[in-house]
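Taking it in order: structure first as structure tokens, then the write-up.
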Amino acid sequence: MKIRTLAAATIAAITLVSGVANADQLDDIKKKGELVVGVLGTDEPLSFIDPKSRELVGYDVDLGRAVAQKLGVKPVFKQITLAARIPELQQGHIDLLAASLTHNKEREAQIDFSLTTFITGQKVMTKANSPIKDVSELAGKRVATAKGSSMEVNIKKAVPTANVISFDTSPQALVAMQQGKAVAFVNDEMSLVRAMVQLGDQRKDYKLLPTIISIEPLALGIKKGEAGFKKVVDDTLREMEASGKAEGLYEQWFGQKSSLKMDKRAFKFETDKVAE
Amino acid sequence: MTSFDPQMLLSGQYHDMLVAGLKMSLQYLFWAFWIALPLGLVIALFRLSPYKPLRWIGATYVEVIRSIPLLAHMLFWYFGVPEMLPVSIKEMLYEGPVESICAVVALGVYTAAYMAEDIRSGIRAVPGVQMEAARALGLGYMKTMCLVILPQAFRLTVPPLISQTLNMWKGTSIATVIGAAEMMYQAGQVESQSFRSFEAFAFASASYLVVSLIITGIAVWFQHRYPVRTM
């Protein structure tokens, strides 16, 4: 009897979840007067807590703000974990993902993406005294990375026999590598450059392996099938590109004015297509 | 909205991953139990010892361990403790399944504090006259404990110990934060590869539930088979 009640409750719950009708998200956001933006808050300079002001800042945060401004609503930032990003968006807990999100073909089945907002490559960091010279030598070795990330998938693609150990955040994975619990740490190049800057004097003890394991176009994530909202997001990005704001943001967070001092911007906010 | 797909749980790559996670969780439970029980017994005896320094050590252990969340224990035993070991031992440990070893130790050490309290309360529930009678017969403190008190306390202690084992079983899931490939980790992996969160976590939840029910069943059976004798 109890089992039957349980089964009935489960079926009811499933029907409830699957049966929720999709109203137009754009109207909902305008009605609420706020745009809920999901950010990581742990991935400098995309989104992080400024140690001085204790406020959430970063490239992703500024993009979220720009979309909210275009809509004339208040931006509300919600910190989420890497692995929870896509479910949180699908379940409507957030309206827009600005969370170091890689746009790839696999994910297109789950959510929609805005124009590409950043392009980086994924690379591997090891200790400078490690005998490993390139990515292919990681076969059978312990490699640390972040849970639910595209790095996890890409390192497996690059080296199928690598023993991938995933942690909740990238900094934890980096510490595991520093402590010797893994021989290598995988992350996007931008984050690795930042980690090197933060290491200060110790940076000479680490090196980046030359091979790029994958090119990562980052984009904002939008719930599937919300064409009206996607258009607003893409229009915002196109306007930012045209007015030079996009270039300014890059310079502020990644360019010569920033601590990363990365090379000149080699991409534009122009397409939402990615290669296979 | 996609529907529930039981097929991926019954066979294929995702099934294999989840089952591997379940096996690993059960192994954690097994090994952590054999750390927690003996350690808990020693701590309980320390707390009841006639010697003040031992009582003090026992009390400190219980209060310190119990006051810190299991999550913090996991991170401490994984990121902290191995770093303090001598280099040769550290390197040997890092060659092996360091995540699993640290998870089991953290879980065992944590549960031992709770088990110690259960054992202590069981021993304290044995009437004081039993101790007096045994001592009057000329038995020493250790012999009194082993031959008279502990066997009586055993029946009182086993049900709460089984309930601690149940908590420990659920606690294995925390090991996911240190990259240990137990069931929650594997469910997360299946989720990020297949985007089938519901199926992955339904499998994990059902597995936790089934094992928990088995543990509860053992407790019920024990209480029925070995009821507490009126003293």
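The values are calculated or read from the model by the stated rules, or taken from the named source; none is laboratory data. Note that the structure is a prediction, hence the values are computed from the model and not measured. Here Cβ is always computed from backbone atoms with ideal geometry, including for glycine, and neighbour counts include all displayed protein chains. Heads up: the accessible areas ignore ligands, DNA and RNA and are worked out on the full protein's heavy atoms, side chains in. Shrake-Rupley method; radii C 1.70, N 1.55, O 1.52, S 1.80 Å.
Looking at the square roots a ≥ b ≥ c of the eigenvalues of the Cα gyration tensor of chain A, which shape do they give, rounded for a/c under 1.5, prolate if a/b is larger than b/c, or oblate? Here chain A falls in the oblate category. Extents of the stretch A:95-152, taken as max minus min of Cα coordinates on every principal axis and listed largest first, are 45, 21, 17 Å.
One Cα centroid belongs to the stretch A:149-221, the other to the stretch B:1-41; the line between them spans 28 Å. Interface area, chains A and B: about 1800 Å² of buried accessible surface, summed, with a 1.4 Å probe and ligands, DNA and RNA left out.
Annotation for the stretch A:14-113: trypsin sites (Lys or Arg not before Pro) lying in DSSP loop with at most 10 further Cβ atoms inside 10 Å of their Cβ are A:52, A:54.
Keeping every protein chain in place, order A:39, B:81 by accessible area at 1.4 Å, biggest value first, i.e. largest first. Write out the running numbers ahead of the final one.
Values: A:39 0, B:81 30 Å².
Largest to smallest exposure gives the sequence B:81, A:39.
What part of the accessible area of chain B, given as a whole %, is carbon or sulfur when the probe is 1.4 angstrom?
Working: 8300 of 11970 Å².
Using a 1.4 Å probe with all protein chains present, chain B comes out at 69 percent carbon and sulfur.
Rounded to the nearest 500, the 222 nm mean residue ellipticity of the protein assembly as shown from helices alone is -17500 deg cm²/dmol, with -39,500 (n - 2.57) taken per DSSP H run of at least 4 residues.
Cα centroids of the stretch B:142-173 and the stretch A:26-60: 50 Å apart.
With N the number of residues in the stretch B:123-231, Rg(Cα) / (2.2 N^0.38 Å) evaluates to 1.64. With 0.36 nm allotted per residue and the present C-alpha distance subtracted, the residue B:89-residue B:30 stretch has 18.8 nm of extension available.
Among the listed pairs A:123/A:264; A:30/A:231; A:123/A:147; A:127/A:147; A:245/A:273; A:157/A:223, those whose Cα-Cα separation exceeds 24 Å are A:157/A:223.
For a label point 7 Å from the Cα of residue A:31 along Cα→C-beta, name the residues of the stretch A:202-224 whose backbone N is under 19 Å from it. Once the point is set 7 Å along Cα→Cβ of residue A:31, A:223-224 turn out to lie under 19 Å by backbone N, inside the stretch A:202-224.
Counting only C-alpha contacts under 8 Å and six or more residues apart, can you give the relative contact order of the stretch A:119-197 as a whole percent?
On the way: 128 pairs, mean separation 33.4, N = 79.
It rounds to 42 percent for the stretch A:119-197.
Hull volume per residue, based on the alpha-carbon atoms of the protein assembly as shown and their convex hull, is 195 Å³. Projecting the Cα atoms of B:101, B:138, B:149 onto the dipole axis of the stretch B:80-231, where Lys and Arg carry +1 and Asp and Glu carry -1 at the beta carbon, places B:138 farthest toward the positive end. When you work out D = kT/(6 pi eta Rh) for the stretch A:150-203 at 25 °C and 0.890 mPa s, using the Kirkwood radius from C-alpha pairs as Rh and the Stokes-Einstein form, the result is 207 µm²/s. Using a Gaussian network for chain A with springs between C-alpha atoms less than 10 Å apart, which of these wobbles most: A:27, A:188, A:95? Looking only at A:27, A:188, A:95, the largest GNM fluctuation is found for A:27. For chain B, a Gaussian network of Cα nodes joined below 10 Å ranks B:53, B:151, B:86 by mean-square fluctuation, and the top entry is B:86. Placing a pseudo-label 7 Å from each Cα along the Cα-to-Cβ vector at residue A:163 and residue B:13 gives an inter-label distance of 2.1 nm. For a modelled paramagnetic label at residue B:167, 7 Å from Cα along Cα-to-Cβ, the residues of the stretch B:33-59 in reach, with backbone nitrogen under 18 Å, are B:33-45, B:47, B:58-59. The mean sequence distance of close C-alpha pairs (under 8 Å, at least 6 residues apart), as a share of the length of chain B, puts its relative contact order at 30 percent. Binning every alpha carbon pair distance of the stretch B:1-135 at 10 Å from zero, what are the percents per bin? Result returned by the calculation: 11, 27, 27, 18, 11, 4, 1, 0.
In a GNM of chain A with a 10 Å cut-off on Cα contacts, which of A:61, A:73, A:36 has the highest mean-square fluctuation? Per the Cα network of chain A with a 10 Å cutoff, A:73 tops the list.
May I ask what percent, to the nearest 5, of DSSP beta bridges between residues of chain A are antiparallel? Working shown, then result.
Working: 23 of 38 bridges.
Restricted to chain A, the bridges split so that about 60 percent are antiparallel.
For the pair residue B:209 and residue B:76, a Förster radius of 30 Å applied to the C-beta separation gives a FRET efficiency near 0.55, rounded to the nearest 0.05.
How large, in Å, is the stretch A:56-111 by the Kirkwood hydrodynamic radius built from its alpha-carbon pairs?
Working: mean 1/r = 0.0819 Å⁻¹.
Across the stretch A:56-111, the inverse of the average 1/r is 12.2 Å.
Per residue, how many Å² of accessible area does chain A show with a 1.4 Å probe? Can you show the working numbers first?
Values: 12990 Å² over 276 residues.
It amounts to 47 Å² per residue over chain A.
The portion of the accessible surface of chain A made up by carbon and sulfur, rounded to a whole percent, is 56 (1.4 Å probe; DNA, RNA and ligands excluded). Label zone of residue A:251 (point 7 Å out along Cα→Cβ, amide N under 17 Å): in the stretch A:91-135 this covers no residue at all.
The alpha carbons of the stretch A:131-276 give a radius of gyration and a Dmax of 17.8, 53 Å, in that order.
Considering only the protein assembly as shown, what is the antiparallel percent among its DSSP beta bridges, to the nearest 5?
On the way: 23 of 38 bridges.
Counting only bridges with both partners in the protein assembly as shown, antiparallel ones make up about 60 percent.
Taking a ≥ b ≥ c as the square roots of the eigenvalues of the alpha-carbon gyration tensor, chain B is classed oblate because a/c is 1.5 or more while a/b is no larger than b/c.
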